[in-house]
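Visitor: Take a look at the following structure, please.
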Amino acid sequence: TRVRSSAASDVYKRQELDVPYKITIGEIDTQAWAKQLHTAHDVEQKLETLRLALLLGTSRRPTPIALGTWRYFLDPLAQGFGMSWADPRQMPMFNPAALSGAEAKSWKDWTERVDNGRVKSIDIAVRRTLRATAERADPTDALIDAVIAWENLVGSQKGEPTLRVSAALAWLLGADAKERKKLKKVIGELYSIRSGVVHGTRNLDPKEAGERREEALDITIRSLQILFRDRHDLLTECKDGGERSNRLILGG
């Protein structure tokens, strides 16, 4: 992965990734062999980590976005070329941006933080956040993705979902009772709007959809920042969103 910075030397920095390479000698089980191909999955996860770290580590608006363009696997035993290509110009939210030296340093620090702190139980939140910020042309779709990320972070199959999600995120983000009350109201409204859209009882005009998308994404990004930076215990000690929300609401 090459990262361009607008620092003094304007140099390119490369991050290298070691991935497992497995050779099986003997008869091949044609039904099971594909499950052993972990390399591509590992690379995609690292790319997600880099992309998320840029979102969490920069405060400017619009937020700089990193996108994967091409992948090439040099396999000494394979036939042909293991290369894939995606054109970032087709991504609706893609705008070229040069990072300052401070922003590049923040990206590096957040990459290490996310890489060391990421747990499997929030994979959905990570992917939906990235889709909402870079891949969704329709702001209503991005709003839905952002709220799905909330559900993955602090949701549960048990209880009333709007109350649980809004209360848990308010406790995570709010500094005091007054701020938490305000946040709970805003988050609850956004959750209800999303539910109405999904169930066909609410339509958003483009202006409102764009505004609501920005509100929901801001909450999502701030929540992930706090989880990775200040409340990593909620990731390592809680197995799912239900446990995280219970701990937050009960004051843990």
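Every number here is computed from the coordinates shown, using simple stated rules; none is lab data. What you see is a predicted model; the values in this text were computed from it and never measured. Counting neighbours? That spans all protein chains shown, and the Cβs are built from the backbone with ideal geometry, glycine included.
Visitor: Using the basic label-point model (7 angstrom from Cα toward the beta carbon), what is the LYS185 to ARG222 distance in nanometres?
Guide: A separation of 1.5 nm, rounded to one decimal place.
Visitor: A further question on this structure: Along the Cα→Cβ direction, 7 angstrom out, place labels at ASN95 and ASP123. What is the inter-label distance in nm?
Guide: So the label points at ASN95 and ASP123 sit 3.3 nm apart.
Visitor: Suppose every K and R has +1 on its Cβ and every D and E has -1 on its Cβ; what is the size of the dipole of the range 158-201 about the Cα centre, in Debye to the nearest 20?
Guide: Here the range 158-201 has a charge dipole of around 80 debye.
Visitor: What's the ranking of 95-102, 238-245 by average number of surrounding C-beta atoms within 10 Å, highest first?
Guide: Going by the mean number of other Cβ atoms within 10 Å, highest first, we get 238-245, 95-102.
Visitor: Once you have the Cα-Cα distance between ASP176 and THR69, take 0.36 nm times their residue separation minus that, and quote the gain in nm to one decimal.
Guide: Full extension of this stretch gives 34.2 nm more.
Visitor: Next question, about the same structure. How much net charge surrounds ARG247 when only other residues with a Cβ under 11 Å from its Cβ are counted (Lys, Arg +1; Asp, Glu -1)?
Guide: Surrounding charge for ARG247 is -1.
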